[in-house]
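Heads up, the thing below is written out as structure tokens.
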């Protein structure tokens, strides 16, 4: 990660927990030769006071709830609001998308059942959905969440849904909030399955229609990873196309 200041970095990436790093997003930024800044709350790295000078803001996921009273979550929301005011495109992954919803006037709540593993979503076919996701209406993407955005911010356009989650993504101006982990990599999946949390084993038994067991998840990774990363590259290209000129 070559960048050290906003003046020399195109992108600010906010990471909440060690276990939920940039993954494919970081690989894509590096492949494009785009300098980026990473700040990890769990590592004690302070978030910058402002996003001014950056061209894009990315907010990652994590096991916390967006509704938790943690100072760094509120700081992330403040940076999202500032980015919106400055016209800096924001992209949110899972918890990051939920923080976008809260920051911009929506609502996040616990869903009736979790989604864990590789599951299809259906995008709504409108111009914005096609712009972000392409023509494939039912891509399979990686999920690991219990909460979701249940009320969208004013002016937001719903883009996709799934059987267990009515709002899988929304667009608002140049911004994209996703409930799924388009940045997923096999290393991240392996790390999460090593310490999946106490609720995971119970959820595998209670919600077989929305929670994959480890064997099923690994098999699905082999089938769906290439498609996920191709979709991720499209999403990140679309996000980049909205960045302000340097």
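Every read-out reported here was derived from the displayed coordinates using simple, explicitly stated rules and does not represent laboratory data. Everything numeric here is computed off the predicted structure, so don't read it as measured data. Cβ placement follows ideal geometry from the backbone for every residue including glycine, while neighbour counts extend to all protein chains displayed.
Between the C-alpha center of the range 134-178 and that of the range 193-246 there is a gap of 14 Å. By the count of other C-beta atoms within 10 Å, a proxy for reagent exposure, 217, 100, 178 are ordered fewest to most as 217, 178, 100.
From helices alone, the chain scores -11000 deg cm²/dmol at 222 nm; the rule is -39500 (n - 2.57) for each run of n ≥ 4 DSSP H residues, then divide by the residue total.
Of all DSSP beta bridges confined to the chain, the antiparallel ones make up roughly 55%. Counting neighbouring beta carbons within 10 Å and listing from fewest to most, the residues 115, 45 come out as 45, 115. Taking the fewest neighbouring Cβ atoms within 10 Å as the starting point, the ordered list for 184, 235 is 235, 184.
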